[in-house]
Every structure is written in C-alpha cells, then in structure tokens.
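Below: one structure, written as structure tokens.
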Amino acid sequence: MLKILLRLAIAFLIILLFIVLIINLNPYKLLSLIKNSDWSILSLILLTNFLAMIFFFLAWHFLLIKLEKISLYESFKSTCIAIFFNLIIPSFSLSGEYARIVYLNRYHDIPNEKLLAILSINKFQYGLAMIIFFVFGLLLMFFSNIKFFALLFSLLIVIFLIITLFLLIAFPNILKKVIIFILERLAKINTRINDRYESLIEKSNKFVDEFSFYGRYLLKSSHSILTLFLMILQWLFNSISFYLAFIALGYPQNLGVLIFTFPIISFLTTTAIFVPANVGIVEPIMIAIYSGFGIDPLISAAAILLARTIIIVEDLFLSLPFVISMGIKSKLFL
C-alpha cells in the first residue's frame, strides 16, 4: 500500500511539473503550433501506428503458435486486450500482459507455464530490440553530424549495453560475480540492501540465468529471430509516428535521434505509475531528452502531444471493441 501511495505521489508531482512546464513554454504558442500543423501528415500517424500494432501482434503470435494452436483472430484479440489494459493501468499486477495471459489461459486452456515462457522470450527480445535501436539510432546520428557531446553520451550508452548483453549470453558467471561484488559494497553502506542481500543475489542470479538461456535459444532459433525482426519493425513504425509529428509542425528532425530515444519512450509508457497511459509523465521526460539533442522544447512538446494523443486514441478505439465483446469483468483478475 505504501509503495502504491508513493508511486501516486511521484506521478502527481511529475504531472504537476508537466503543467508548470507547459505554462512556462507559453501555452498560446503551443496551441498555435498544434492548430497550424499539417493534419494530412498527422493522419499518416494513424497508418504507422496501426502497422506498429500489427507487428506487435505478429511478434507475439509467431511465438505463441510454435507452442500452441490458436486462430489468428483469437491471438489478435488477446493482443488488443493487452494493449487496452497497458493503456488503462500500466502496472504488472493489472497490466496488459497479465490480462492477455489470463485470457488465453481461461478461454483457450493454454497452460500458464507455456505463456510465461513465451512472455520471457518476448521480454528478452524487447531488451535486444532496445539495444539494436540504440545502435541504429547512433549510426544515423553519426552520419548526420549530430553535436559531439550528445553523440558521445549516446555512444557510451550503446557500449555499456553491448558489453552487458555479451556477458549475459556468453559469460553469465562473470556478470554474476560483478553483481555480487557491487551488492557486497552497497550492503556495507546501506542497511536495507544488507537486510535483503541474499534475496537480491538469488533474484539477480535467476535473471542472469534466464536471460542467458533465452539468449542462446534466440540465437539458435530462426523462428525467434523472425519475431525479433517483427518487433524491430514495430518500433521503427512507432519512431516514424513521432517523426511525422515533427514534419507536420514544419520542423523535421533527425530520424536517428527519434530512433535512439524511442526505447526510452517505450520503457516509460509501460512503467508502473498507475496513471492511464502514463499521461503527463512520459511527456516532460521526453521533452528534456529531446532538448539534450538540441530540439526546441516548445517544438518537442507540440510533437509529443500530437503523436501521443493520436496513438493513444487509436489504440483505445481499436482495442476497446474486443474488450467489450469479451465482457471482461473484475472476476477475470481474481
């Protein structure tokens, strides 16, 4: 209960700061920018977001049908349910992934063990897609002569992630020793970590072992590589949605920057803050990140608000009929 209250307090504070930020950016100029944007270009976001949704569905579906027989329609329906609940309540205990697993288990008798295994592989691919996007975005920025400090910071992030991924897959025991070393040092200066030391070691070892296992599985399976490719396509069309928003405003930005930063947007939209679609939380953080790459905060705010509004409304519009048709009630989560 205390954690929930703390998250709500943090969410309220961030949203309040977002409102203050919008006021400081001059809301009249912001509204004028949005009003004068090219709505024919903005309408293309509906298409790119829909394609992203399709690839999101296919990335899950191809993993699912490898273990269980299920119709394309029912699989798509479960994905729409996941999208709906991810928007309404971004939280693990009531989120879209939980709703999708419950639906497939109760209505199609698919064992939870198989669904959780698929989810684990899917989450591994999520992390791998994030690293690929960081690298791809960095390369595009490099060839576009992005300013040195932003490029250097991006390069350091990519190097860190690649080394971590390499250790996770090839040398998991080395990474375990590094984590234990860090936790031992932290335990000496923090009593809370010291009290949970054994539990933290157990959890970190379990994570490293699972990540290493699924990493090796992914490298050996052409089927999993296909689903990873589909996930990358999903993220690419998501990034293009934000790219189109900047073009519609008349201020096109470097696609490399938007590709590099999209994994952060994706992470923020699924972080458990208990605010629908994390509205008011994603926006100020992304404005700050875009500003670090030299994009005007006012332009960033307008583009993010436009793209996010269109994406959220379309996702709700497409997913809500499936939720209603299934007649979801609170007992689904009991």
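The values are calculated or read from the model by the stated rules, or taken from the named source; none is laboratory data. If you're wondering where the values come from, they're calculated on a predicted model, not measured in any experiment. Here Cβ is always computed from backbone atoms with ideal geometry, including for glycine, and neighbour counts include all displayed protein chains.
Filter the range 22-40 down to the residues that are crowded, with 16+ Cβ neighbours inside 10 Å and either in contact with an Asp or Glu (Cβ under 8 Å, 6 or more places away or on another chain) or in a helix (DSSP H, G or I) (or both) and list them by number.
So the first thing to find is which residues in the range 22-40 are crowded, with 16+ Cβ neighbours inside 10 Å, and the list is 22, 25, 30, 33-34, 37.
Listed by number, the residues that qualify are I22, L30, L33, I34.
Residues checked against (1) touching a residue at least 60 places away in the same chain (Cβ under 8 Å); (2) in contact with a helix residue (DSSP H, G or I) (Cβ under 7 Å, 6 or more places away or on another chain); (3) part of a loop (DSSP other than H, G, I, E, B):
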site	(1), (2), (3)
A59	yes, yes, no
F62	yes, yes, no
I65	no, no, no
K69	no, no, yes
A82	no, yes, no
L87	yes, yes, no
V102	yes, yes, no
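Does A129 satisfy the condition of being of a type outside the set (D, E, K, R) and farther than 19 Å from I265 by Cβ?
No; evaluated as a whole, the condition is false for this residue.
Is there any pair with a first residue in the range 288-313 that is at positive phi and a second that is among the β-branched types (V, I, T) whose Cβ atoms are under 9 Å apart and which are 6 or more apart or on different chains, and what are they?
Listed by first residue and then by second, the contacts come to G294/I146; G294/V257.
Looking at the range 41-63, can you tell me whether even one residue there is over 21 Å from I225 (Cα atoms) and either in contact with a Gly (Cβ under 6 Å, 6 or more places away or on another chain) or at pLDDT below 80 (or both)? Let's see the steps before the verdict.
As a first pass, look at the range 41-63 and keep what is over 21 Å from I225 (Cα atoms): 41-50.
Next, from what is left, pick out any that are either in contact with a Gly (Cβ under 6 Å, 6 or more places away or on another chain) or at pLDDT below 80 (or both): none.
Checked against the condition, which is being over 21 Å from I225 (Cα atoms) and either in contact with a Gly (Cβ under 6 Å, 6 or more places away or on another chain) or at pLDDT below 80 (or both), the range 41-63 yields no hits at all.
Any residue at all in the range 13-20 that's buried (at least 21 other Cβ atoms within 10 Å of the Cβ), under 17 Å from N278 (Cβ atoms) and in contact with an Asp or Glu (Cβ under 8 Å, 6 or more places away or on another chain)?
No - not one qualifying residue is present in the range 13-20.
Would you check if F322 is farther than 17 Å from Y251 by Cα, touching a residue at least 12 places away in the same chain (Cβ under 8 Å) and among the aromatic types (F, W, Y)? Quick ask: steps written out before the conclusion?
On the way: farther than 17 Å from Y251 by Cα: yes; touching a residue at least 12 places away in the same chain (Cβ under 8 Å): yes; among the aromatic types (F, W, Y): yes.
So F322 fits the description; yes.
Among the numbered conditions (1) polar (S, T, N, Q); (2) farther than 27 Å from A303 by Cβ; (3) crowded, with 21+ Cβ neighbours inside 10 Å, tell me where S71 comes up short.
With respect to (1) polar (S, T, N, Q); (2) farther than 27 Å from A303 by Cβ; (3) crowded, with 21+ Cβ neighbours inside 10 Å, S71 is out only on (3).
Of all residues being under 12 Å from the mean Cα position of the chain (by Cα) and assigned to a loop (DSSP other than H, G, I, E, B) in the range 242-292, which is modelled with the lowest pLDDT? Just the residue, please.
A272
If we scan the range 93-108, do we find a residue that is at pLDDT below 75, surrounded by 17 or more Cβ atoms within 10 Å (Cβ to Cβ), under 20 Å from S325 (Cα atoms) and among the small types (G, A, S)? Reasoning before the result, please.
Within the range 93-108, the subset at pLDDT below 75 is 93-95.
Imposing the further condition that a residue be surrounded by 17 or more Cβ atoms within 10 Å (Cβ to Cβ) reduces the set to 95.
Cutting the leftovers down to under 20 Å from S325 (Cα atoms) gives us 95.
Now narrow it down to the ones that are among the small types (G, A, S): 95.
Yes, the range 93-108 contains at least one residue that is at pLDDT below 75, surrounded by 17 or more Cβ atoms within 10 Å (Cβ to Cβ), under 20 Å from S325 (Cα atoms) and among the small types (G, A, S).
Checking the structure you have, find out if any residue of the range 124-136 is out of contact with any His (no Cβ under 8 Å at 6 or more places or on another chain), under 27 Å from S325 (Cα atoms) and buried (at least 16 other Cβ atoms within 10 Å of the Cβ). Don't jump to the end; show me each part of the working.
Taking the range 124-136 first, the residues out of contact with any His (no Cβ under 8 Å at 6 or more places or on another chain) are 124-136.
From what is left, the residues that are under 27 Å from S325 (Cα atoms) are none.
Within the range 124-136, not a single residue is out of contact with any His (no Cβ under 8 Å at 6 or more places or on another chain), under 27 Å from S325 (Cα atoms) and buried (at least 16 other Cβ atoms within 10 Å of the Cβ).
Taking the range 297-313 on its own, how many of its residues are of a type in the set (S, T, N, Q) and either closer than 15 Å to S32 by Cα or surrounded by 20 or more Cβ atoms within 10 Å (Cβ to Cβ) (or both)? Talk me through it step by step, then tell me what you get.
Filtering the range 297-313 for residues of a type in the set (S, T, N, Q) gives 300, 309.
Checking which are either closer than 15 Å to S32 by Cα or surrounded by 20 or more Cβ atoms within 10 Å (Cβ to Cβ) (or both) leaves us with 300.
Of the residues in that region, 1 qualify.
Would you check which residues across the range 315-328 are in a helix (DSSP H, G or I) and either among the small types (G, A, S) or surrounded by 18 or more Cβ atoms within 10 Å (Cβ to Cβ) (or both) and list them?
The first filter runs over the range 315-328 and keeps only residues in a helix (DSSP H, G or I), leaving 315-326.
Passing the criteria: D315, S319, F322, V323, S325.
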